[in-house]
Amino acid sequence: MTSRFEIMPGVIHYPGWLDRSAQQALLDDLRAVVKAAPLFVPRMPRTGKPFSVRMSNCGVLGWVSDETGYRYQPAHPETGRPWPAMPPRLLDAWQALAGYPHPPEACLINLYDAAAKMGLHQDRDEDDLDAPVLSLSLGDTAVFRVGGVARSDRSVSVKLQSGDALSFGGPARLAFHGIDRIIAGSSTLLPQGGRINLTLRRVTRPAG
Ligand code: MD3
Ligand code: FE
């Protein structure tokens, strides 16, 4: 039995959705993914300022950001190779929690060290905004913030622990959100510490 908390309309938190052995198995999958698609440092459009998180992707499309803009593309920006396939256990998570009849196309992998954060932003690079975004957290706890569809809307803070799932759909799909900080030493899952966040996304509008 997993508990399910609706933090605000469309934002559903499933604390401890993955148990320790499922977290470990997912981590093994991700080690294979980043071996084939090495972590890269995304850069802000125009300014070229580096992000504090490192990223990679799996699935048929991956999210990248550089001086020229944000986009989804089918290949790694540095190796030019296609992204590795989405591991079956991620497809299973989508099936179980997304409530959406089409499979995810992209899984963005964000790696946070103790000093990394992610400023308040909206995710709007996807054409299919009917699909939810599903997030899975591994490793150190993050202090996550989510607000409304306007930057100035009130926001709430939620701690995301290793194994937690969070889904964003319907009225929350364009909510502002970000990571205020990582609580170093709060998990023993990652031998070097830090946090991994996965976001599973549908990018293109399904035909029909
Ligand atoms: C709310 N990642 O990759 S996951 C991102 O923990 C991103 O790495 C954060 O924001 C992280 O874009 C937060 C939770 C999340 C993901 C997607 C959302 C919240 C969202 C999309 C719409 C609204
Ligand atoms: Fe986001």
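The values are calculated or read from the model by the stated rules, or taken from the named source; none is laboratory data. These figures come from a predicted structure and were not determined experimentally. Reconstructed Cβ throughout: ideal geometry from the backbone, glycine too, with neighbour counts over all protein chains shown. Heads up: the accessible areas ignore ligands, DNA and RNA and are worked out on the full protein's heavy atoms, side chains in. Shrake-Rupley method; radii C 1.70, N 1.55, O 1.52, S 1.80 Å.
The table below gives the values:
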| quantity | calculated |
| --- | --- |
| Region 149-174 residues that are open to solvent by 60 Å² or more (accessible area, probe 1.4 Å), paired with ones that are among the basic types (Lys, Arg) and assigned to a strand (DSSP E or B) (beta carbon under 6 Å, 6 or more apart) | Ser157/Arg145 |
| Boolean, Val34 is modelled with pLDDT of 95 or more and touching a Lys or Arg at 6+ places or on another chain (Cβ under 7 Å) | no |
| Qualifying residue in region 122-137 (condition: open to solvent by 60 Å² or more (accessible area, probe 1.4 Å) and touching a Gly at 6+ places or on another chain (Cβ under 8 Å)) | no |
| Residue selected from region 168-208 under the condition among the aliphatic types (A, V, I, L, M), under 30 Å from Asp127 (Cα atoms) and part of a loop (DSSP other than H, G, I, E, B), by the criterion modelled with the lowest pLDDT | Ala207 |
| Strands (runs of 3 or more DSSP E) fully within region 1-76 counting 1 or more residues that are among the acidic types (Asp, Glu), within 23 Å of Val158 (Cα to Cα) and open to solvent by 70 Å² or more (accessible area, probe 1.4 Å) | 5-8 |
| Criterion (out of contact with any Pro (no Cβ under 8 Å at 6 or more places or on another chain) and either hydrophobic (A, V, I, L, M, F, W, C) or away from ligand 2 (no atom under 14 Å from the Cβ) (or both)) met by exactly one of Ala207, Ala172 | Ala207 |
| Residue satisfying condition, being touching a Leu at 6+ places or on another chain (Cβ under 9 Å) and β-branched (Val, Ile, Thr), within set Val64, Val11, Val33 | Val11 |
| Condition check for Val143: open to solvent by 30 Å² or more (accessible area, probe 1.4 Å), farther than 25 Å from Ala25 by Cβ and either within 12 Å of ligand 1 (Cβ to nearest atom) or among the aromatic types (Phe, Trp, Tyr) (or both) | no |
| Among residues of region 5-25, those that are without any contact (Cβ under 8 Å) to a residue 40 or more places away in the chain and over 18 Å from His177 (Cβ atoms), counted | 1 |
| Some residue of region 76-85 being within 15 Å of ligand 2 (Cβ to nearest atom) and over 17 Å from the mean Cα position of the chain (by Cα) | no |
